[in-house]
Amino acid sequence: MRFFAFVGSVVLAFLCVIGLIWSPWFLIGVLVFGGLSALGVYDVTQSGHAILRNYPVIGHMRFMFEGIRPEIRQYLIESDQDEEPFSRDKRSIVYQRAKGVEDERPFGTRQRVYDSGYEWITHSASPKHIEDHDFRIRIGGPDCEKPYDASIYNISAMSFGALSVNAILALNKGARKGGFAHDTGEGGISRYHREGGGDIIYEIGSGYFGCRMPEGRFDVEKFREQAADQQVKLIELKLSQGAKPGHGGVLPASKISPEIAEARGVPMGQDCMSPASHPEFSTPLEMMEFIKLLRDNADGKPVGFKLCIGHRREFMCMVTAMLETDIVPDFIVIDGKEGGTGAAPLEFANHMGMPLVEGLVFAHNTLRGAGLRDRLKLGASAKLVTSFDIAKALALGADWANSARGFMFSIGCIQAQACHTNHCPVGVATQDKLRQRVLDVSSKSERVYRFHQNTLKALAEMTGAAGLTHPGDFRPHHLLMRESDRDMVTGEDVYPYLPDGFLLREEEDKFGYLKRWSRARANSFEPFDVV
């Protein structure tokens with residue numbers, strides 16, 4: 001059906017040629033359908049637009065509708081800000097930066113600046129010029145032998161299997177050229193990650209893919225082999241993800257290809273299980289001991305964990321265990337519930353987990369209160385696709401940002417939201433070999449590189465306009481927020497940094513840190529009552 005218009009044009013052109021025997025009027029058909037046939041041949045052979053390679057001729061209808069004048073589209077079809085989960089404005093800025101075309105626009109903002117919730121960054125009367133936009137952050141605490149100087153913007157977790165062969169290759173090759181990192185997702189390190197040659201964050205989920213025993217338990221020897229790979233720069237233990245925190249998963253046997261089985265270390269012909277919780281630990285103390293086991297076998301590389309904040313007391317239990325054991329991870333990534341490249345039950349996607357802003361602020365302040373913030377780095381992930389998104393995350397406590405869907409857009413994702421159907425129209429999220437072949441690795445890897453470069457250039461300009469010399473200098477007071485038509489507050493009012501050591505009087509603790517801290521214990525995630 002995808003080639004129906006193309007094949008139909010060829011057949012009709014052929015019939016019109018035969019029709020010339022009876023009437024010269026068939027020449028019109030020859031010209032029309034012959035032109036469409038030529039257009040179809042061009043579509044299937046070009047590499048610039050995946051949509052046209054998968055849907056020759058008929059795919060031009062999408063670009064025709066995209067080209068409708070903005071005012072007509074806005075009033076008769078949709079607003080540039082209303083489309084979910086990503087607005088047309090945000091997707092457009094990714095496409096423009098990935099293609100290296102003009103990303104400025106005339107006639108002022110389209111944002112409703114007097115509506116509640118509008119946010120902006122304060123600028124300086126003495127802006128700075130920042131020449132070098134290759135912003136780096138060193139990840140690796142005092143117990144790390146091989147710290148990693150990471151870009152402050154990296155590719156977030158997306159597994160091979162969820163993404164196609166060509167998508168993995170394009171992302172990883174783009175990361176290699178740009179000198180930033182590519183998170184494998186919990187599906188393990190595939191041959192295509194290795195072929196790409198880019199820096200890798202090896203994510204280990206509850207299925208321990210790539211480092212598991214046949215029954216699904218953790219295999220330290222296999223882990224040691226994976227960690228020794230020179231491409232692997234960070235080891236990330238995944239506790240939960242924003243799309244479906246606290247939810248396990250099953251990859252049906254029918255979807256497991258030999259390449260997926262190779263990357264995950266699972267047999268063909270069997271369902272592949274990801275438990276909801278890790279079988280190797282069940283208490284905060286056991287979790288820290290498992291992190292120590294990873295660190296002892298990680299070839300000296302940084303080891304940390306990722307989670308979407310749920311029960312706040314449980315995160316405090318983890319921090320308490322760090323203090324009791326003196327086992328402090330090199331980094332923690334906070335994933336907001338608005339993240340979600342993976343398919344999830346609707347109720348989980350809509351109503352489980354804490355959004356990034358609240359989760360990041362809580363984690364940052366808890367670590368400050370415990371006196372551990374200086375011993376580790378904090379990453380943030382969840383819909384961070386613009387320089388403002390990154391600046392805000394850094395202001396609220398993050399050291400660096402990750403993006404999944406932003407980089408998906410850079411390789412051609414059109415937000416069709418068919419990721420879980422295997423029918424992705426642009427070859428990004430599918431294992432259909434015919435569909436994924438339309439994603440040209442060479443051109444798309446360049447777009448990955450350009451999107452990263454141009455986003456950091458924009459961040460450098462925004463940082464300089466604020467009178468700062470590095471994005472890491474952003475603080476809550478650089479943010480202003482509209483509360484109502486006539487009122488605004490600073491980020492410091494809404495998301496203040498708490499003092500080190502929980503040095504608060506009880507009446508000052510309006511966010512409940514002291515109450516939860518008093519109930520946190522290192523030997524269990526279970527709650528208990530304070531007498």
- Quick check: is even one residue across the stretch 193-212 at positive phi and hydroxyl-bearing (Ser, Thr, Tyr)? yes
- Task: Could you please let me know if Leu468 is within 26 Å of Asn365 (Cα to Cα), crowded, with 16+ Cβ neighbours inside 10 Å and in contact with a Pro (Cβ under 6 Å, 6 or more places away or on another chain)?
- Result: no
- Item | Scan of the stretch 292-330 for residues that are within 28 Å of Glu358 (Cβ to Cβ), surrounded by fewer than 24 Cβ atoms within 10 Å (Cβ to Cβ) and charged (D, E, K, R), ordered by number | Arg312, Arg313, Glu314, Glu324
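Among the candidates Ala380, Ala404, Ala395, Ala391, single out the residue that is within 20 Å of Gly140 (Cβ to Cβ) and either in contact (Cβ under 8 Å) with a residue 40 or more places away in the chain or within 13 Å of the chain's Cα centre (by Cα) (or both).
Residue meeting the stated conditions: Ala380.
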- Query: Residues Asp183, Asp89: which one is among the charged types (D, E, K, R), in the same structural domain as Lys377 (by TED's automatic domain parsing) and either in contact with an Asp or Glu (Cβ under 6 Å, 6 or more places away or on another chain) or surrounded by 24 or more Cβ atoms within 10 Å (Cβ to Cβ) (or both)?
  - Reply: Asp183
- Expected output for the stretch 301-315 (first residue under 16 Å from Pro147 (Cα atoms), partner among the aliphatic types (A, V, I, L, M) and assigned to a loop (DSSP other than H, G, I, E, B), Cβ below 9 Å, 6+ apart or cross-chain) is Gly304/Leu376; Phe305/Leu239
- Restricting the stretch 268-281 to residues that are at pLDDT 90 or above and not small (Gly, Ala, Ser), the residue that is nearest to the chain's Cα centre (by Cα): His278
- Message: For the stretch 284-333, which positions are farther than 26 Å from Val232 by Cα and among the charged types (D, E, K, R)?
- Response: Arg312, Arg313, Glu314, Glu324
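Would you mind stating whether Arg447 is touching a Leu at 6+ places or on another chain (Cβ under 7 Å), surrounded by fewer than 24 Cβ atoms within 10 Å (Cβ to Cβ) and assigned by TED's automatic domain parsing to the domain that holds Thr320?
Here the answer is no, as Arg447 does not meet what is asked.
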- Restricted to the stretch 121-169 and to residues being closer than 18 Å to Ser403 by Cα and among the polar types (S, T, N, Q), the residue surrounded by the fewest Cβ atoms within 10 Å (Cβ to Cβ) is Ser151
- When residues of the stretch 384-418 are limited to those that are surrounded by fewer than 21 Cβ atoms within 10 Å (Cβ to Cβ) and hydrophobic (A, V, I, L, M, F, W, C), the one farthest from Leu480 (Cα to Cα): Ala418
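The values are calculated or read from the model by the stated rules, or taken from the named source; none is laboratory data. Treat the numbers as computed from the prediction; the structure is a model and nothing was measured. Quick reminder, even Gly has a Cβ in these numbers, built from the backbone with ideal geometry, and neighbours come from all protein chains shown.
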